[in-house]
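J.: Before we start, here is the structure in question, set down as structure tokens.
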Amino acid sequence: MSNYVPTDLLIEILVKLPVKSLIRFAAVSKSWRSIITSAAFIASHLSKGKNHTHTLIHTLSTNSLVKFTGGVPFAVNSPSKLKFPYYESDSIYTRIVDSCDGLVCLSNNFFIIDFAQSPGVIWNPSVRNHIALPNPAINPEDAYISVLGFGVDAGRTHHKVVRFLYCRNAAGIFTTRVEIFSLKTWSWRRLIGGVDISLHAYLSLYFRQVFLNGVVHWLIEQEPIGDNSFRRSYILAFDVGDEVFREVMLPEWEAGGSGFAKLSIFVIKESLGVVKSTGESCDVWVMKEYCVKESWTKLYT
Amino acid sequence: MAAETGTPTTLTLKSNDDELFSVAESAAILSVTIRNMVEDGCAGGVIPLDNVDGKTLASVITYMNGISAIPADEEKKKSYRDKFLSDKDFETLADMVLAANYLNMSCLMDAVSAKIAQVMEKKSVGWVRRKFGIENDYTPEEEAAVKEEHKWTFEGVETDDDN
């Protein structure tokens with residue numbers, strides 16, 4: 001009996017193969033290559049892989065990357081060393097911005113803009129490909145801080161990089177300008193309206209972003225706004241699909257206590273979570289219903 | 001359906017090379033195709049399965065009997081499936097994937113396609129072409145270029161075992 005396998009059954013088989021085999025088998029024939037590289041096939045392969053989580057750990061001291069593969073957090077197995085995908089000696093793109101659907105966005109490790117360099121790199125570790133982002137649209141002489149964010153829209157089809165620039169306008173006042181890079185159109189575009197972020201907040205942007213359901217989140221820590229008054233900490237949210245910034249309120253914790261608290265943001269079971277630690281205690285909060293302030297619940301102390 | 005008490009109903013299946021098989025209805029209806037025939041009342045005599053040969057059908061019936069004897073325990077069913085498929089060669093698996101599709105047996109379909117993927121994983125491009133009967137429509141230059149572009153995916157490929 002001949003082993004002719006119809007295309008729909010062939011896809012059932014191919015979708016269960018690891019990426020390395022699939023890329024190799026693109027050399028089988030032109031029709032295999034067109035199946036394997038089709039958007040529909042990639043999407044279904046990606047959704048099959050949803051339960052396989054990889055954790056990428058960047059060790060700053062040795063500037064090395066380790067990939068852990070495991071179905072359950074902490075039940076890690078088969079750690080494998082990865083290399084940053086570019087020139088070893090001159091590795092400036094060594095900050096992991098975030099990863100979405102297997103794509104990792106890396107940026108330059110420095111706050112200060114170096115115009116000669118691309119602002120970042122999009123890296124696909126599974127297929128071992130990376131592409132440097134082209135030169136941004138906004139590159140004013142007076143900009144001196146630039147931070148990237150990375151995410152995909154809720155439909156999981158459109159990846160975008162968001163770039164915050166702290167720069168001086170004609171009147172000599174510093175403001176934030178925002179531009180968006182679309183991986184679909186492969187171009188930068190200025191975001192009109194943008195968002196009002198203080199210099200203080202850039203540090204928060206730089207530290208950790210959290211991606212959840214088509215929205216990128218940063219925890220902006222409380223900052224002084226005048227005589228003895230502070231702006232409360234909040235979560236800045238950027239919807240990748242409609243390109244709108246929103247603020248997500250943090251839980252209403254006891255006044256006074258938060259003055260010296262260290263906050264960090266994370267995702268737990270498809271919800272946003274915040275850890276608030278003071279010298280004495282540590283509280284874990286979770287926002288059970290997205291964007292509903294009242295749904296913040298304290299899980300642990 | 002099977003009577004409340006007494007002997008279970010038995011169906012007779014006929015392969016495309018005219019072999020006849022008896023199988024308990026309760027096991028046979030794992031195939032949605034057969035179940036529909038039974039429900040439509042057209043399973044009285046012999047059920048002809050025009051797309052499955054005797055060798056493959058025998059194998060599928062072994063699977064039907066084996067898996068339906070296991071109570072609702074996904075772990076045990078999974079280990080039965082693994083064991084059942086462990087000694088099957090590529091040709092048998094390819095026949096089974098076609099049969100599972102024709103008979104509309106999703107659990108067998110998933111297991112067999114996963115097994116084929118597992119068998120293929122470390123195989124060479126040439127092996128895959130021979131086993132799937134695929135004609136190479138690349139020019140030598142095109143093929144060399146495709147391979148050169150992703151050199152690393154050709155590391156760790158097993159030596160062909162079908163020559």
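J.: Kindly state, to the nearest 0.05, the FRET efficiency for B:Thr139 paired with A:Leu46, given R0 = 25 Å and r defined as their beta-carbon distance. Walk me through the numbers before you get to the answer.
T.: Working: r = 31 Å, r/R0 = 1.26.
After rounding, the FRET efficiency stands at 0.20.
J.: Could you go through the range B:126-141 in sequence order and give the Karplus-derived ³J(HN,Hα) for each residue, using 6.51 cos²θ - 1.76 cosθ + 1.60 with θ = phi - 60°, rounded to whole Hz, and x for Gly and Pro?
T.: Rounded to whole hertz, the list is x, 4, 4, 4, 5, 5, 8, x, 9, 7, 6, 9, 7, 6, x, 5.
J.: I've got another one for you. Accessible area drop of at least 30 Å² (1.4 Å probe, protein heavy atoms): which residues of the range B:109-141 qualify, relative to the chain alone?
T.: Relative to the lone chain, where solvent access is computed with a 1.4 Å probe, the range B:109-141 loses at least 30 Å² at B:Met109, B:Ser113, B:Ala117, B:Met120, B:Glu121, B:Val125, B:Val128, B:Phe132, B:Ile134, B:Asp137, B:Tyr138.
J.: Under the rule of at least 5 residues apart or a separate chain, name every residue whose amide H is placed under 5 Å from the amide H of A:Arg190.
T.: A:Ile180
J.: So for chain B, averaging the separation of alpha carbon pairs under 8 Å that are six or more residues apart and normalising by length, what relative contact order in percent results? Numbers along the way, then the final one.
T.: Numbers: 154 pairs, mean separation 28.7, N = 163.
Averaging sequence separation for qualifying contacts and normalising by length gives 18 percent for chain B.
J.: Shifting gears a bit: Under a 5 Å amide H to amide H cut-off, with H placed in plane at 1.01 Å, what residues pair with A:Val244 once short-range neighbours are removed?
T.: Excluding prolines and chain starts, which carry no amide H, the hits are A:Asp239.
J.: Ignoring everything except DSSP H segments at least 4 long, calculate the 222 nm mean residue ellipticity for chain B; use -39,500 (n - 2.57) per segment, divide by total residues, nearest 500. Working shown, then result.
T.: Numbers: 8 runs with 87 residues, N = 163.
It lands at -16000 deg cm²/dmol.
J.: Which of the trypsin sites (Lys or Arg not before Pro) across the range A:1-46 are loop residues per DSSP, with 11 or fewer other Cβ within 10 Å? If you can, show how the numbers build up before the last one.
T.: Numbers: sites: A:Lys16, A:Lys20, A:Arg24, A:Lys30, A:Arg33; in loops: A:Lys16.
When the trypsin sites (Lys or Arg not before Pro) of the range A:1-46 are filtered for loop state and at most 11 Cβ neighbours within 10 Å, nothing remains.
J.: Shifting gears a bit: Work out which residues of the range A:25-42 lose at minimum 50 square angstrom of accessible surface when the other protein chains are put back, relative to the chain isolated, with a 1.4 angstrom probe, and list them by number.
T.: Those are A:Phe25, A:Ala27, A:Val28, A:Lys30, A:Trp32, which lose 50 Å² or more relative to the chain on its own.
J.: Return one whole number: the accessible area per residue of chain B in Å², for a 1.4 Å probe. List each step's numbers first, then the result.
T.: Details: 8710 Å² over 163 residues.
For chain B, the solvent-accessible area averages 53 Å² per residue.
J.: Continuing with this model, one more query. What list of ³J(HN,Hα) couplings, whole Hz, do you get for the range A:262-279 from phi and the Karplus terms 6.51, -1.76, 1.60, once you set θ to phi - 60° and write x for glycine and proline?
T.: Those phi angles translate into 9, 10, 9, 10, 7, 10, 10, 6, 6, 10, 7, x, 9, 10, 10, 10, 10, x Hz.
J.: Once A and B are treated as a pair rather than alone, how much accessible area drops out, both sides summed, in Å² to 100, probe 1.4 Å?
T.: For A against B, buried area totals roughly 3000 Å².
J.: Other chains near B:88-95: what is the mean number of their Cβ atoms within 10 Å of each residue's Cβ? Numbers along the way, then the final one.
T.: Working: counts 0, 0, 1, 3, 1, 2, 7, 2.
Per residue, the number of nearby Cβ atoms from other chains is 2 on average.
J.: Which far-off residues, 5 or more places away or on another chain, put their amide H under 5 Å from the one on A:Ser271, with H placed in the peptide plane?
T.: Correct list: empty.
J.: What is the list of residues in the range A:184-207 whose amide nitrogen lies under 16 Å from a point 7 angstrom out from the Cα of A:Ala137, following Cα to Cβ?
T.: A:184-195
J.: Report ³J(HN,Hα) in whole Hz for each residue of the range B:83-88, in order, from the Karplus equation J = 6.51 cos²θ - 1.76 cosθ + 1.60 where θ = phi - 60°; Gly and Pro get x.
T.: Along the range B:83-88, the couplings run 5, 4, 8, 4, 9, 7 Hz.
J.: How many percent of DSSP beta bridges within the range B:2-120 run antiparallel, rounded to 5?
T.: Working: 5 of 8 bridges.
In the range B:2-120, approximately 60 percent of DSSP beta bridges are antiparallel ones.
J.: Accessible area of the range B:41-142 with a 1.4 Å probe: how many percent of it is carbon plus sulfur? Intermediate results must be reported in sequence, preceding the final value.
T.: Numbers: 2450 of 4760 Å².
Carbon and sulfur: 51 percent of the exposed surface of the range B:41-142.
J.: Below 8 Å between Cα atoms, with a sequence gap of 6+, how large is the relative contact order for the range A:93-216 in percent?
T.: Values: 243 pairs, mean separation 25.1, N = 124.
Here the relative contact order equals 20 percent.
J.: Under the definition of partner shielding as Cβ atoms of other protein chains within 10 Å of a residue Cβ, what is the mean value for peptide B:146-159?
T.: Working: counts 7, 3, 0, 4, 8, 2, 5, 12, 4, 2, 1, 3, 0, 0.
Counting Cβ atoms of other protein chains within 10 Å of each residue's Cβ and averaging gives 4.
J.: Right, something else. When Cβ neighbours within 10 Å are restricted to other protein chains, what is their mean count per residue of peptide A:124-131? Before the final figure, lay out the partial values.
T.: Values: counts 0, 0, 0, 3, 4, 2, 0, 0.
The shielding value for this peptide is 1.
The values are calculated or read from the model by the stated rules, or taken from the named source; none is laboratory data. Keep in mind that this is a model prediction, so the values were computed, not measured. When we count neighbours, we look across all protein chains shown, and the Cβ atoms used for this are built from the backbone with ideal geometry, even at glycine. For accessibility, only protein heavy atoms count, side chains too; no ligands or nucleic acids. Shrake-Rupley method; radii C 1.70, N 1.55, O 1.52, S 1.80 Å.
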